[in-house]
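I have a structure I would like to understand better, so I am pasting it below and will then ask my questions one at a time.
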Amino acid sequence: MAKILTLTLNPALDLTVSLDTLRPGQVNRSHAQHSHAAGKGLNVAQVLADLGHAISVAGFLGRDNLQPFEALIEWRGFADHFVRVPGETRSNLKLVEADGRVTDINGQGPVVDVAAQSALLRRLEQLVPEFDAVVVAGSLPRGITLAWFEQLLQQLRRQGAKVVLDTSGEALRVGLACAPWLVKPNLEELAEALGHPVPDAAARQALVQQLLDAGVEHLVLSNGGEGLSWYSHGATLHAQPPAVQVASTVGAGDSLVAGMLHGLLQDEPAAQTLRRATAIAAQAVTQVGFGIRDREQLARLQAAVHITEHSEASR
Ligand SMILES: Nc1ncnc2c1ncn2[C@@H]1O[C@H](COP(=O)(O)OP(=O)(O)O)[C@@H](O)[C@H]1O
Ligand SMILES: O=P(O)(O)OC[C@H]1O[C@](O)(COP(=O)(O)O)[C@@H](O)[C@@H]1O
């Protein structure tokens, strides 16, 4: 069991609404809805907890709607280091259609002032040395600048933390420059952060090499139902998940991050890590909400993951 800290700078209440087909501009009728305290770091934390790790959580939470977040943190037994800020934690709307398509409408989040930002950095200064890894995941709330985000990542690095990064947009661009230990963009996020598409395998390989040379140890490039590629100095592996019945793809990336971190911290064979992580992500799309619920289903999915080793391995 490892000690892991997850940072969610911009948590969210996910409201997942299931409907047959979304008709923009018309009255739509849902057939189910669920509300969950969420956000990337908190979702990763839930999966890691189910994998047996001791979890601490931090970031910023709005004081006006603390209840669902505090209830989750208490139920899960997480150590709570969130800095409370004025205002409401955002709500994110997830419109899930019968064919599995998901439309996300993610809110901005509260304004986090400089005092709260400094309070979090001070808290982390004390906390970070106790952890085996620190996961920094999700978007930035209002008030957080890219310069502050870079300062946070540099501070974690200076403290010797294994930083796992999963974010998007400008924050991902800044984050890549700080060479996290593990980073998991999806293909679209990577292209957006670079400001240009990654047109073919050769361009991708050149980019991967550049990131590994700059100090990234594990680059996990995810691509929805197509699976993912894991690049490290040791090897390049690809995983293809089995076809599954999609309930909601929300949380697939977070589950993948948790699964990869779990395997890496246990120092197990790479293929085993990748197989389990891919199965955990595939299981996540069969359910609404976060965490590992059905161990037998997970074992079946694991057996059906197809792993290949790429010949153009980065060494
Ligand atoms: N339809 C699907 N079937 C099986 N696995 C999936 C599906 N969608 C996503 N996954 C798994 O979840 C991982 C992360 O999903 P992806 O959409 O790439 O990332 P994100 O959720 O961060 O946008 C994928 O690499 C894949 O392993
Ligand atoms: O911080 P962001 O980028 O707005 O993302 C937050 C959203 O991402 C999620 O964590 C899901 O992420 P993934 O689908 O990438 O795993 C949601 O729970 C949450 O609403």
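Values quoted throughout were computed directly from the atomic coordinates according to the rules given, and no laboratory measurement underlies them. Because the structure is predicted, anything quoted here is derived from the model rather than measured. So basically every Cβ, Gly included, is an ideal-geometry build from the backbone, and we count neighbours across all protein chains shown.
In the set Val85, Val44, which member is within 16 Å of ligand 1 (Cβ to nearest atom) and of a type in the set (Val, Ile, Thr)?
Being within 16 Å of ligand 1 (Cβ to nearest atom) and of a type in the set (Val, Ile, Thr) holds for just one of Val85, Val44, which is Val44.
Still on this structure, please answer the following. Just to be sure, is Asp64 of a type outside the set (S, T, N, Q) and in contact with an Asp or Glu (Cβ under 6 Å, 6 or more places away or on another chain)?
yes
If Ala71 passes every condition in (1) touching a strand residue (DSSP E or B) at 6+ places or on another chain (Cβ under 9 Å); (2) within 16 Å of ligand 2 (Cβ to nearest atom) but one, which one does it miss?
(2)
Restricting to region 255-283, name every residue that is within 16 Å of ligand 2 (Cβ to nearest atom) and in contact (Cβ under 8 Å) with a residue 60 or more places away in the chain.
Residues satisfying the conditions are Ser255, Leu256, Val257, Ala258, Gly259, Met260, Leu261, His262, Ile280.
Right, next: Name the single residue, out of those in region 88-111 being within 21 Å of the chain's Cα centre (by Cα) and β-branched (Val, Ile, Thr), that is farthest from Arg23 (Cα to Cα).
Thr89
Filter the helices (runs of 4 or more DSSP H) completely within region 231-315 down to those with at least 2 residues that are away from ligand 1 (no atom under 12 Å from the Cβ) and over 18 Å from the mean Cα position of the chain (by Cα).
Hits in region 231-315: 270-285, 295-304.
Does Leu7 meet the test of being more than 16 Å from ligand 1 (Cβ to nearest atom), touching a strand residue (DSSP E or B) at 6+ places or on another chain (Cβ under 8 Å), of a type outside the set (Phe, Trp, Tyr) and farther than 30 Å from Glu268 by Cα?
Spelling it out, it is not the case that Leu7 is more than 16 Å from ligand 1 (Cβ to nearest atom), touching a strand residue (DSSP E or B) at 6+ places or on another chain (Cβ under 8 Å), of a type outside the set (Phe, Trp, Tyr) and farther than 30 Å from Glu268 by Cα.
One line per residue, one yes/no per condition, for (1) crowded, with 16+ Cβ neighbours inside 10 Å; (2) within 16 Å of ligand 2 (Cβ to nearest atom); (3) closer than 24 Å to Thr273 by Cα; (4) hydroxyl-bearing (Ser, Thr, Tyr):
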site: Cys178; (1), (2), (3), (4): yes, no, no, no
site: Trp181; (1), (2), (3), (4): yes, no, yes, no
site: Leu187; (1), (2), (3), (4): yes, yes, yes, no
site: Leu190; (1), (2), (3), (4): yes, yes, yes, no
site: His196; (1), (2), (3), (4): no, no, no, no
site: Pro199; (1), (2), (3), (4): no, no, no, no
site: Ala202; (1), (2), (3), (4): no, no, no, no
site: Val208; (1), (2), (3), (4): yes, no, yes, no
site: Leu212; (1), (2), (3), (4): yes, no, yes, no
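Separate question: With the condition kept exactly as written, say whether any residue in region 40-59 is within 12 Å of ligand 2 (Cβ to nearest atom) and of a type in the set (Lys, Arg).
yes
I'm checking my understanding of the structure. Among residues of region 132-152 that are of a type in the set (A, V, I, L, M) and more than 21 Å from Leu61 (Cβ to Cβ), which one is surrounded by the fewest Cβ atoms within 10 Å (Cβ to Cβ)?
Ala147
I would also like to ask the following. Go over the candidates Arg76, Arg63 one by one and state the one that is among the charged types (D, E, K, R) and in contact with a helix residue (DSSP H, G or I) (Cβ under 9 Å, 6 or more places away or on another chain).
Unique residue meeting the criteria: Arg76.
Can you name the condition, by its number, that Glu217 falls short on among (1) within 16 Å of ligand 2 (Cβ to nearest atom); (2) within 23 Å of Gln154 (Cα to Cα); (3) of a type in the set (Asp, Glu)?
Among (1) within 16 Å of ligand 2 (Cβ to nearest atom); (2) within 23 Å of Gln154 (Cα to Cα); (3) of a type in the set (Asp, Glu), the lone unmet condition for Glu217 is (1).
Mind checking which residues of region 107-140 are under 20 Å from Ala37 (Cβ atoms) and β-branched (Val, Ile, Thr)?
Matches in region 107-140: Val112, Val135, Val136.
So, one more: Could you pull out every one of the strands (runs of 3 or more DSSP E) wholly within region 25-89 that has 2 or more residues that are touching a residue at least 12 places away in the same chain (Cβ under 8 Å), within 27 Å of Pro185 (Cβ to Cβ) and in contact with a Pro (Cβ under 8 Å, 6 or more places away or on another chain)?
Because the criterion is at least 2 residues that are touching a residue at least 12 places away in the same chain (Cβ under 8 Å), within 27 Å of Pro185 (Cβ to Cβ) and in contact with a Pro (Cβ under 8 Å, 6 or more places away or on another chain), the strands (runs of 3 or more DSSP E) in region 25-89 that meet it are 32-38, 54-62.
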